[in-house]
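The values are calculated or read from the model by the stated rules, or taken from the named source; none is laboratory data. Treat the numbers as computed from the prediction; the structure is a model and nothing was measured. Cβ atoms come from the backbone with ideal geometry, glycine included; neighbour counts cover every protein chain shown.
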Amino acid sequence: MLIGCINCYNDMPLIVQCIESIYSQVDRIIVVDGSYIDFPGSGSSTDGTIEFLDSIEKVQLITTIGLSEIQKRNKYLEPLSDGDIVINLDSDEVLVGNIPTLDCDFAIIDLKDGHSKHIQRRATRFFKFRIGMHYENVHYTLYWNGKIINKLHQVINKDFTFEYIKDFYMIHNWHLRDELRKHNKSIYYKKLVKLEAGFVK
């Protein structure tokens, strides 16, 4: 199955655009909603996000409170089966183009900044799930059988095949958030980067 995996918290209306960008191409969507530790607010979304997600047939909603970034990402891996294909977006991102068949374990894809021409590559946004895969140490690194699989933009584990795919890409629309949310997110990510700094090589 092709499954969209998303983390969110009070993300209206961007979560609507995110879901709409993948809805017709995936078999199922797993969304993990709830406040992050070290982020203003506590509990589940209160801005209509929950109501919207509950109205979407393909969405499996998991609610959490006060988890770390890594813990929330691992939550959407828990329901997966061996061999499922994951397309992983943040709630302020949209997918552009057609998702191709994945003929390897990991695809490295482009992530474009929605307000500039800046393009980054990401190595854990489109991949074939294996039982035991999980995020660890840094919120964008996957591990399997005790070994790290990837860095931010490259696959480094020889047990996994990969290719660079240009059939589709993602746009990060963080700039469309209101000023308070951007401010809070900036503070949150400074804490997150500091917390994970010792694990980034």
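Details
- The criterion of being touching a residue at least 40 places away in the same chain (Cβ under 8 Å), crowded, with 17+ Cβ neighbours inside 10 Å and over 25 Å from residue 171 (Cβ atoms) holds for residue 130.
- The C-beta contact set for the range 32-61 (first residue under 19 Å from residue 3 (Cβ atoms), second residue in a strand (DSSP E or B) and of a type in the set (Asp, Glu), distance under 9 angstrom, 6+ apart or interchain) comprises 53/33; 61/33.
- Residues of the range 88-99 that are touching a Leu at 6+ places or on another chain (Cβ under 9 Å) and assigned to a loop (DSSP other than H, G, I, E, B): 91, 92, 99.
- From 145, 137, residue being surrounded by fewer than 17 Cβ atoms within 10 Å (Cβ to Cβ) and modelled with pLDDT under 95: 137
- Looking only at the range 88-120, and only at residues there that are charged (D, E, K, R) and surrounded by fewer than 15 Cβ atoms within 10 Å (Cβ to Cβ), the one that is modelled with the highest pLDDT: 103
- Considering the range 83-123, and only residues there that are among the β-branched types (Val, Ile, Thr) and out of contact with any helix residue (DSSP H, G or I) (no Cβ under 9 Å at 6 or more places or on another chain), the residue that is farthest from residue 29 (Cα to Cα) turns out to be 119.
- Those residues of the range 160-201 which are more than 19 Å from residue 111 (Cβ to Cβ) and at pLDDT 95 or above, in sequence order: 160, 161
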